[in-house]
Amino acid sequence: MTVRQQTGPPRSVAAPVDFTDFYQAHFHRIAVQLYAYLGDHAEAQDLTQEAFCRMLERWPRISAYDDPSAWIRRVAWNLATSRLRRMRTAVRHLAKQREEHVPGPEPDRVALIRALATLPEAQRRAIVLHHLAHLSIAEIAEQVGAAEGTVRSWLSRGRAALAGQLTETRAEGNRA
C-alpha cells in the first residue's frame with residue numbers, strides 16, 4: 001500500500017465555500033484590521049481588495065484549505081507591511097532632500113529682461129550673444145549669417161535703445 005504525503009495546507013473534507021459568501025463574510029473584518037494597522041481607511045480597503053483579487057485567481061485550490069481565512073489574512077497583512085515599508089522608504093528619501101531657496105531676480109535684471117524684449121529680434125540676439133554668451137562680432141556674424149558691419153550696427157542700435165529704456169526705468173523708480 002502506497003501512502004501519499006500531502007503537500008501544502010491540509011485539505012478540508014467539507015465542500016468548498018462559494019467565493020462570494022467567503023468575501024462577504026471576511027472582507028470587513030480584514031479591512032478593519034488593516035485600517036487599525038495602517039491608519040488609512042481607503043488604503044486598508046484597497047489592500048484588502050487586492051488580497052481578495054489574488055485569492056480569486058487561486059480560489060479552487062484555496063477553498064479546499066482547512067482555513068482559507070488564514071490565507072487571505074496573511075496575504076492582506078503582507079501587502080500592508082510591504083506598503084508601510086515603501087512609505088517609510090519614501091519618507092526617509094524625502095527627508096534627505098534639501099529644499100533650495102533661490103532668490104528671485106533683482107529689479108535690475110527684471111528691467112533688463114523687459115527692455116531686451118522690446119528690441120527687434122536681430123538686435124536682441126546680437127546683444128545677448130555678445131554680452132551674455134561672450135561671442136566676438138566675427139563669431140556672431142558667422143553664426144547668424146550676416147556681415148560683421150551689420151552685427152556692429154545691431155549692437156550699436158540695441159545698446160542705444162536699451163540705454164534709453166533703462167535710463168527711463170531708473171528715473172521712474174527714483175520718482176516713486
Relative contact order [Cα under 8 Å, 6+ residues apart], the stretch 107-162, whole percent: 39 percent
10 Å Cβ shell holding at most 14 others, DSSP loop, GluC sites (Glu not before Pro): longest site-free stretch of the chain: 1-98
For the pair Val144 and Thr118, what calculated FRET efficiency results from E = 1/(1 + (r/R0)^6), where r is the Cβ-Cβ distance and R0 = 25 Å, to the nearest 0.05? 0.80
In nm, give the distance between the simple-model label positions of Thr81 and Glu106, each being 7 Å from the Cα along the Cα-to-Cβ direction. 5.9 nm
Three-way shape call for the stretch 19-96 based on the alpha-carbon gyration tensor, with the a/c threshold at 1.5: prolate
Specify the longest stretch of the chain that does not include any exposed loop site, a site being one of the trypsin sites (Lys or Arg not before Pro) with a non-H, G, I, E, B DSSP assignment and at most 13 other Cβ atoms within 10 Å. 99-176
Given an 8 Å cut-off on Cα distances and at least 6 residues of separation, report the relative contact order of the stretch 17-176 as a percent. 16 percent
Modelled label-to-label distance, Ser153 and His28, 7 Å Cα→beta-carbon offset: nm? 8.7 nm
Projected label distance in nm at Val128 and Ala160, using a 7 Å step from Cα toward the beta-carbon: 2.3 nm
Between [x] 17.4; [y] 23.6; [z] 15.6, which matches Kirkwood radius over Cα pairs in Å calculated for the structure shown? [y]
Counting helices only, and only those DSSP H runs with n ≥ 4, report the 222 nm mean residue ellipticity of the chain as the sum of -39,500 (n - 2.57) divided by its residues, in deg cm²/dmol to the nearest 500. -23500 deg cm²/dmol
For Ala36, the net charge from surrounding residues (Cβ-Cβ under 14 Å; K, R +1; D, E -1) works out to 0
Once the Cα atoms of helix 107-118 and of the chain are each reduced to a long axis, what angle between those two axes, in degrees from 0 to 90 to the nearest 10, is obtained? 70 degrees
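A short reminder: the numbers here are calculations on the coordinates, not readings from a lab. In this text the structure is predicted, and so the values were computed from the model without any measurement. A quick note on method: Cβ atoms are made from the backbone with ideal geometry, for glycine too, and the neighbour counts reach across all protein chains shown.
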